[in-house]
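The values are calculated or read from the model by the stated rules, or taken from the named source; none is laboratory data. Just so you know, these numbers come straight off a predicted model, no measurement behind them. In this analysis, Cβ positions are derived from the backbone assuming ideal geometry, glycine residues included, and neighbour counts consider all displayed protein chains. Heads up: the accessible areas ignore ligands, DNA and RNA and are worked out on the full protein's heavy atoms, side chains in. Shrake-Rupley method; radii C 1.70, N 1.55, O 1.52, S 1.80 Å.
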Amino acid sequence: MSFKKDTGIMELGECTRNPGFQDVEGDGSAADTISADPGAKHRESTEVKLESDAAEEYTQLKPYAGMPKEVLLLYSSQARYRVPREILFWLMVACTLALVALTITVIALSPRCLSWWQTSPLYQVYPRSFRDSNGDGIGDLKGIQEQLDHFQYLNIKSVWISPFYRSPMKDLGYDVEDFRDIDPVFGTMQDFDELLAEMHRLGMKLIMDFIPNHTSDKHHWFNLSRIRDPQYEDYYIWTDCNSTAPKPNNWVSVFGNSSWTYDEVRGQCYLHQFLKEQPDLNFRNPNVRKEIIDIIRFWLGKGVDGFRMDAVKHLLEAGHLRDEPQVDPNKPAESVTSEWDLYHDYTTTQLGLHDLLRGWRAEMDSYSREPGRYRFMVTESYDYHEVDKTMMYYGTPLVKESDFPFNFYLLDLPQNTSGLWVQDLVHLWMGNMPTGQWPNWVVGNHDKPRIASSAGQTYIRVINMLLLTLPGTPTTYYGEELGMENINVTESQIQDPAGKYNASASRDPQRSPMQWSGDMNAGFNNKTNITWLPVHPDYRSINVEAQKKDEGSVLSQYRFLSTLRQSELPLHRGWFCYVHADANVFSYLRELDGLDQAFLMVLNFGKESAITDLSSVRELPDKLKVLMSTNRVNNGKVFQKSRIMTEAGEGLVIQYSTDTRFNPNHPGQCYVSEKACYLNVMDILYKC
């Protein structure tokens with residue numbers, strides 16, 4: 001190879017032999033191959049060896065594309081190339097480390113994401129009354145699937161369906177004959193699987209009603225227990241008695257009269273805290289506990305998202321079977337026939353109850369490990385004035401039970417229409433709830449009169465506003481989003497077993513068919529003119545179809561508030577602070593630290609118009625603009641904070657901007673389940 005320095009041109013001469021080259025197709029070296037060539041000696045004579053002057057010529061060359069490795073190595077060690085390369089390398093290392101550190105910091109400081117049961121209202125479907133798909137007059141699972149768009153319209157993601165297990169229907173599904181089958185009146189297991197799959201496809205969650213306290217007397221466990229089968233003999237609570245002698249003790253059923261019934265087959269009495277067709281299971285038997293866990297696993301394995309545990313306070317009874325104390329000691333024992341006649345010291349909330357619930361919670365947690373598949377558990381227990389007993393269902397800081405126990409205290413709203421009364425009911429829960437737990441609110445269900453009937457249509461809108469702007473999870477019983485009212489049921493129309501015992505105690509009035517449209521049977525059954533209970537006569541004006549067209553309807557306002565609750569941080573995870581309460585108005589605010597937007601609620605539960613003066617609340621701006629009023633004409637109206645006017649039954653949602661937070665100056669008036677702050681610069685939440 002030769003170089004011509006004077007012309008600046010490099011020419012390639014004869015090729016130079018490389019002794020290190022290995023022929024991939026042969027065993028010999030390249031040198032051997034060349035030597036074998038007749039012209040090898042001639043080529044060897046033309047080889048050029050790089051001497052010191054040739055090396056000098058290399059150093060004088062400028063880098064060029066495709067330069068040999070030797071030249072590249074020669075230049076790469078020079079400072080002008082090496083230093084920038086090292087700077088870029090260490091800069092990339094520093095940026096990577098900074099990004100990792102920032103990611104770890106954001107994760108460490110970020111508050112826990114809210115779960116699905118916290119972000120959406122919980123909607124209760126009573127399946128017999130929701131939608132009939134086959135024309136037999138009774139709602140069914142296919143009917144629910146046909147109306148899933150209703151939940152989407154209301155921005156509801158969590159749906160609790162009352163029992164649809166196979167049942168003799170003595171208590172309309174709460175007397176279960178087979179926990180692993182669907183009653184034909186509601187459909188088939190395939191119908192259930194299709195409903196569940198479609199709900200999951202739409203991003204919804206299905207919560208089942210679970211009845212662990214008792215079974216139907218038609219259940220095969222009970223039939224085997226009656227004949228003293230060795231495996232099932234102690235599956236229920238049995239004790240000696242006979243059909244003519246006094247009962248074992250004075251315990252009284254929830255439905256009235258003795259909790260004991262004599263069984264001629266076994267020759268003993270069995271316990272039933274509800275109907276005699278609903279014998280209580282013996283949870284002191286480990287085999288019963290295992291059976292119940294197996295049933296829980298069965299439904300969790302099918303993909304259900306949670307359970308509402310029914311009547312949990314009744315799960316265990318005192319083994320000694322002593323008489324319970326009478327409320328009125330002077331009342332003759334034979335006249336004690338109502339559950340209200342006794343203090344239930346031995347039949348409710350017994351030692352060991354919470355151990356059972358913790359075991360079920362642990363089982364559900366084992367199915368909650370898959371991301372986005374948390375399994376929810378809520379307990380039902382009417383403890384009335386003993387609110388401390390209800391709070392125990394939250395569990396302890398170390399051991400969890402239910403995600404929350406149902407809060408039934410707002411069911412007492414109709415007892416006193418005043419702002420002070422509403423504040424007392426709200427504070428009864430918030431003031432007793434364990435720190436860091438999640439509240440919830442219920443204003444109606446299948447056991448209690450509809451709130452629109454008990455409180456009046458005047459207040460249904462403001463009650464829905466309260467429900468959807470308080471902290472925690474609101475529960476809506478089907479039809480409350482419309483303002484449906486109780487129906488009148490004649491004695492011949494009574495279906496409820498409680499009503500057959502005492503007509504005034506019937507729960508049928510609040511279970512009438514859902515009002516979908518002004519068509520035949522309110523759109524509940526459009527195939528035949530049959531309904532299992534009468535449709536309310538107001539269905540032509542109060543129905544889903546009509547209210548969708550009216551922006552000022554109860555349904556439209558419910559939808560607006562449900563959407564607002566999910567979209568606004570202060571409403572679904574911010575501080576809740578009492579601001580004002582008097583004979584008419586209950587007012588509170590929702591705010592989030594670091595966020596300059598907050599919400600003030602002014603709700604008039606009184607019987608007359610009121611002017612609310614909040615001038616003493618210095619954290620509020622002087623002028624307040626109404627975002628939404630239950631009376632549409634007041635939408636967008638601006639009030640001085642010293643003169644906020646509301647009519648009876650009117651509620652205002654006021655959105656305002658402020659740099660001053662209310663909660664730091666009034667810690668005794670404010671609550672938050674999990675504190676979080678908003679960082680506006682990065683648009684993120686962080687623990688604070």
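Evaluate the following for residue 674: is it acidic (Asp, Glu), part of a loop (DSSP other than H, G, I, E, B) and touching a Lys or Arg at 6+ places or on another chain (Cβ under 7 Å)? In short, yes. Residues in the stretch 168-188 that are within 27 Å of the chain's Cα centre (by Cα), open to solvent by less than 40 Å² (accessible area, probe 1.4 Å) and either farther than 23 Å from residue 278 by Cα or not charged (D, E, K, R) (or both): 172, 173, 174, 176, 179, 182, 186, 187.
Would you check which residues across the stretch 189-246 are among the acidic types (Asp, Glu), open to solvent by less than 30 Å² (accessible area, probe 1.4 Å) and out of contact with any strand residue (DSSP E or B) (no Cβ under 6 Å at 6 or more places or on another chain) and list them?
191
Considering only residues in the stretch 588-611 that are part of a strand (DSSP E or B) and polar (S, T, N, Q), the one that is farthest from residue 685 (Cα to Cα) turns out to be 604. Listed by first and then second residue, the pairs with beta-carbon distance under 8 Å, at least 6 apart or on different chains, first residue in the stretch 163-177 and closer than 18 Å to residue 510 by Cα, second basic (Lys, Arg) and open to solvent by 10 Å² or more (accessible area, probe 1.4 Å), are 172/128; 173/128.
Is one or more of the residues making up the stretch 557-573 assigned to a helix (DSSP H, G or I), farther than 20 Å from residue 456 by Cβ and without any contact (Cβ under 8 Å) to a residue 12 or more places away in the chain? There is at least one residue in the stretch 557-573 that is assigned to a helix (DSSP H, G or I), farther than 20 Å from residue 456 by Cβ and without any contact (Cβ under 8 Å) to a residue 12 or more places away in the chain.
Residues of the stretch 66-85 that are modelled with pLDDT of 80 or more and part of a helix (DSSP H, G or I): 79, 80, 81, 82, 83, 84, 85. Beta carbons closer than 7 Å, at least 6 apart along the sequence or on distinct chains, pair a first residue in the stretch 74-89 that is without any contact (Cβ under 8 Å) to a residue 24 or more places away in the chain with a second that is open to solvent by less than 80 Å² (accessible area, probe 1.4 Å) and of a type in the set (Gly, Ala, Ser) for 82/76.
List the helices (runs of 4 or more DSSP H) inside the stretch 423-538, counting only whole elements, that have at least 2 residues being at pLDDT 95 or above and crowded, with 20+ Cβ neighbours inside 10 Å. Break it down stepwise before answering.
Values: elements: 451-454, 460-469, 497-501.
The qualifying helices (runs of 4 or more DSSP H) are 451-454, 460-469.
Residues in the stretch 539-560 that are open to solvent by less than 10 Å² (accessible area, probe 1.4 Å) and in contact with an Asp or Glu (Cβ under 8 Å, 6 or more places away or on another chain): 555, 558. Listed by first and then second residue, the pairs with beta-carbon distance under 6 Å, at least 6 apart or on different chains, first residue in the stretch 471-498 and touching a residue at least 24 places away in the same chain (Cβ under 8 Å), second among the acidic types (Asp, Glu), are 489/508; 495/508; 496/508; 497/171.
Within the stretch 378-408, which residues are among the hydroxyl-bearing types (Ser, Thr, Tyr), open to solvent by less than 50 Å² (accessible area, probe 1.4 Å) and over 20 Å from the mean Cα position of the chain (by Cα)? Hit for the stretch 378-408 is 382, nothing else.
Within the set 587, 616, the sole residue that is hydroxyl-bearing (Ser, Thr, Tyr) and open to solvent by less than 10 Å² (accessible area, probe 1.4 Å) turns out to be 587. Scan the stretch 223-231 and give yes if some residue there is within 35 Å of the chain's Cα centre (by Cα) and part of a loop (DSSP other than H, G, I, E, B), otherwise no. So far as the stretch 223-231 goes, no, none of its residues is within 35 Å of the chain's Cα centre (by Cα) and part of a loop (DSSP other than H, G, I, E, B).
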